[in-house]
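Report on the following structure.
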């Protein structure tokens, strides 16, 4: 018997759509990261981009558990001296809801060339409309679609 090795030509990508309304940020992000990496497929290999393209809609309706909406603080640095900035989660959610999901998913991906390639397969939209209807995205499975606490 020979060991079968997955080649880039063997990989098939699908388009999936996720409705984020009522979902918790962390639980949703772990499942999105798993699908982006391709770990849900039987032919997963860690050195190739074998994941699917994911479209997240209704990012403005995402939930935080506990008091994180008011207590969680997002920090970034402008690059200038004394340029540290901060914003609470509710401010970021009101202004740029896509950044919350994108940042949470990026934190769960590898920080290398493959991770930078994989994050480009994630499309996040604040409302329920998205421009990817031509790709016929399928709704994602019951692990993400179930609305739990």
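The values are calculated or read from the model by the stated rules, or taken from the named source; none is laboratory data. Every value quoted in this text rests on a predicted model; they were computed, and no experiment measured them. Ideal geometry is used to build each Cβ from the backbone, glycine not excepted, and the neighbour counts take in all protein chains shown.
Can you tell me which residues in segment 99-111 are under 15 Å from residue 51 (Cβ atoms) and either without any contact (Cβ under 8 Å) to a residue 60 or more places away in the chain or surrounded by fewer than 19 Cβ atoms within 10 Å (Cβ to Cβ) (or both)? Don't jump to the end; show me each part of the working.
Taking segment 99-111 as the starting set, the residues that turn out to be under 15 Å from residue 51 (Cβ atoms) are 105-106, 108-110.
Answer for segment 99-111, where residues must be under 15 Å from residue 51 (Cβ atoms) and either without any contact (Cβ under 8 Å) to a residue 60 or more places away in the chain or surrounded by fewer than 19 Cβ atoms within 10 Å (Cβ to Cβ) (or both): 106, 108, 110.
Scanning for something surrounded by 10 or more Cβ atoms within 10 Å (Cβ to Cβ), part of a helix (DSSP H, G or I) and either modelled with pLDDT of 95 or more or in contact with a strand residue (DSSP E or B) (Cβ under 6 Å, 6 or more places away or on another chain) (or both), does segment 122-138 turn up at least one residue? Yes, segment 122-138 has at least one match.
Condition (residue is at pLDDT 95 or above, touching a helix residue (DSSP H, G or I) at 6+ places or on another chain (Cβ under 6 Å) and either part of a helix (DSSP H, G or I) or more than 14 Å from residue 32 (Cβ to Cβ) (or both)) applied to segment 106-116: is it met by at least one residue? Yes.
Every residue, every condition in (1) within 12 Å of the chain's Cα centre (by Cα); (2) surrounded by 17 or more Cβ atoms within 10 Å (Cβ to Cβ); (3) closer than 25 Å to residue 134 by Cβ, yes or no:
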residue: 55; (1), (2), (3): yes, yes, yes
residue: 68; (1), (2), (3): no, no, no
residue: 75; (1), (2), (3): no, no, no
residue: 90; (1), (2), (3): no, no, no
residue: 120; (1), (2), (3): yes, no, yes
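Counting the residues of segment 2-28 that are surrounded by 13 or more Cβ atoms within 10 Å (Cβ to Cβ) and either part of a strand (DSSP E or B) or without any contact (Cβ under 8 Å) to a residue 40 or more places away in the chain (or both) gives 7.
Table: residues versus (1) modelled with pLDDT under 95; (2) assigned to a loop (DSSP other than H, G, I, E, B); (3) within 24 Å of residue 116 (Cβ to Cβ); (4) in contact with a strand residue (DSSP E or B) (Cβ under 9 Å, 6 or more places away or on another chain).
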position	(1), (2), (3), (4)
30	no, no, yes, no
44	yes, yes, yes, no
60	no, no, no, no
74	no, no, yes, yes
82	no, yes, no, no
86	no, no, no, yes
90	no, no, no, no
94	no, no, no, no
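Kindly indicate the residue of segment 62-72 that is in contact with a helix residue (DSSP H, G or I) (Cβ under 8 Å, 6 or more places away or on another chain) and in a loop (DSSP other than H, G, I, E, B) and also farthest from residue 19 (Cα to Cα) among those meeting that condition. Among them, the one singled out is 72.
Is it true that residue 96 is within 14 Å of residue 126 (Cα to Cα), without any contact (Cβ under 8 Å) to a residue 60 or more places away in the chain and surrounded by 11 or more Cβ atoms within 10 Å (Cβ to Cβ)? Spelling it out, residue 96 is indeed within 14 Å of residue 126 (Cα to Cα), without any contact (Cβ under 8 Å) to a residue 60 or more places away in the chain and surrounded by 11 or more Cβ atoms within 10 Å (Cβ to Cβ).
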